[in-house]
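The values are calculated or read from the model by the stated rules, or taken from the named source; none is laboratory data. Remember, predicted model here, so these are calculated numbers, not experimental data. Glycine also receives a Cβ, built like all others from the backbone with ideal geometry; neighbour counts cover every protein chain displayed.
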Amino acid sequence: MTLSLFLIAGEPSGDRLGAALMAGVKELNPDVIFHGVGGPLMQAEGLDSLFPMEELAVMGIAEVLPKLRHLFALKRQAAEAVVALNPDALITIDSPDFCLRVTRQVRETAPHIRTMHYVAPSVWAWRAGRAAKMARHVDHVLALLPFEPPYMEAAGMTCDFVGHPVVNEPVASEAEAAAFRARYDIAPDAPVLLMLPGSRRSEVGRLAPVFSEVLAQLSARVPDLQAVLPTVPHVAPALKEALESWPVRPILLDPTEAPDSYAADKRAAFRAADVALAASGTVSLELAANATPMVVAYDMNRLSFFLMKRAALIDTVTLVNLVSDTRHVPDFLSPECRPDLIVPALEKLLTDQATRAAQIEAMAVTMDRIGAGGEAPGLRAARSVLARL
């Protein structure tokens, strides 16, 4: 009998999770049909997206407010499609503010449809009551971090730790990193700064001026510094326009200009970099997989930051710090997201070997704890989904 799954992802990281899950399900149960919302990776696995995933890529309370009417319309559209299709399971992936609203509407209308959520909400970080609210509408959770299942189970859901997909992503070799430097005329001994301002238009818009000034100041302090900035298709046009005013311009890796070589170039850039400046998020684990020391910086609307700060249960937002139980990765959030604080932290990572070594050790611990060396997380997630059906 054909298995029918409806999946919803709202951002690129969710698209990667969804694609790996879909591939795992097809490996274990080839007779499956996928429906839902997803990006290019999920579409490549056989999903015909109900609407463009990028329409959901909004973060921050104040940033969401102007788009609420449109987001609610998309929520209704998705929930009605689920009910009409009556799949064996609805699997929502991250983006909880949108996805869990869809799940709630589906559960109210069609309570027989099994509901699953991929990526446990970070109730250990803030808004601990979310787990209990989520349990009213969600049956099963797929967790990326090993310490998350007890939180979900205590709220009344089943939960499996399936590992983080970053452990299964390819890492460039030293030879590929050297070839990347040569291809972009970067000297073998020139320090390389990898700049990662995020994948959402809103966050890139807020971080671009800060990153520009950081690059200008760091270039003045570090001889021969080179910078590389990978981007994503829906952000590339705005980022190109912003770079026109940067006093020092990084090498831009744009997937719209070099679709065939972009993925390999991005992997090589991660490997070739001596240090990274990154927005908060999953990218810190990608850097950990490459043992690339980093500084994390993030800026958001003042109201959003104030409300999140009041609700926070942790003193760092960086996953490497949290998983490794260390605080070796400096993170500068909103009022501290300033070049005068970020530049010295980056310079220290470039010049202080003890500081670099401490971060690299924390990264190794992190990778081990999130599942490096085990079965591919997408396949583990697929086993978990099928077991619950």
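Points worth noting:
- Residue count for the range 116-130 satisfying the condition of being over 18 Å from L319 (Cβ atoms) and either modelled with pLDDT of 95 or more or part of a strand (DSSP E or B) (or both): 2.
- Residue within the range 357-376 that is without any contact (Cβ under 8 Å) to a residue 40 or more places away in the chain, among the charged types (D, E, K, R), farther than 28 Å from L142 by Cβ and surrounded by 15 or more Cβ atoms within 10 Å (Cβ to Cβ) present: no
- When A73, A84, A78, A62 are checked against the criterion of being surrounded by fewer than 17 Cβ atoms within 10 Å (Cβ to Cβ), among the hydrophobic types (A, V, I, L, M, F, W, C), assigned to a helix (DSSP H, G or I) and modelled with pLDDT of 95 or more, a single residue qualifies: A84.
- Taking residues in the range 231-255 that are assigned by TED's automatic domain parsing to the domain that holds L207, and partners anywhere that are in a loop (DSSP other than H, G, I, E, B) and modelled with pLDDT under 90, the pairs with Cβ atoms closer than 6 Å and at least 6 places apart or on different chains are V232/S199.
- Within the range 145-244, helices (runs of 4 or more DSSP H) holding 2 or more residues that are within 30 Å of K133 (Cα to Cα): 149-154, 201-221
- Residue match in the range 265-284 (condition: more than 22 Å from the chain's Cα centre (by Cα), of a type outside the set (D, E) and in a strand (DSSP E or B)): no
- Applying the set (1) surrounded by fewer than 22 Cβ atoms within 10 Å (Cβ to Cβ); (2) farther than 30 Å from E375 by Cα; (3) modelled with pLDDT of 95 or more to L41 leaves exactly one unmet item: (2).
- When I113, I93 are screened for being at pLDDT 95 or above, crowded, with 22+ Cβ neighbours inside 10 Å, within 23 Å of G378 (Cα to Cα) and among the hydrophobic types (A, V, I, L, M, F, W, C), only I93 passes.
- Every pair of residues 6+ apart whose Cβ atoms lie under 8 Å, when the first sits in the range 174-190 and is without any contact (Cβ under 8 Å) to a residue 40 or more places away in the chain while the second is surrounded by fewer than 16 Cβ atoms within 10 Å (Cβ to Cβ) and acidic (D, E): A187/D224; D189/D224; A190/D224
- Filter result (surrounded by 17 or more Cβ atoms within 10 Å (Cβ to Cβ) and within 27 Å of L41 (Cα to Cα)) within the range 237-249: L239
- Qualifying residue in the range 333-355 (condition: surrounded by 19 or more Cβ atoms within 10 Å (Cβ to Cβ), of a type in the set (D, E, K, R), modelled with pLDDT under 95 and not assigned by TED's automatic domain parsing to the domain that holds E27): no
- One residue stands out in the range 1-40 among those that are over 18 Å from H164 (Cβ atoms) and assigned to a helix (DSSP H, G or I): the one that is nearest to the chain's Cα centre (by Cα), namely P40.
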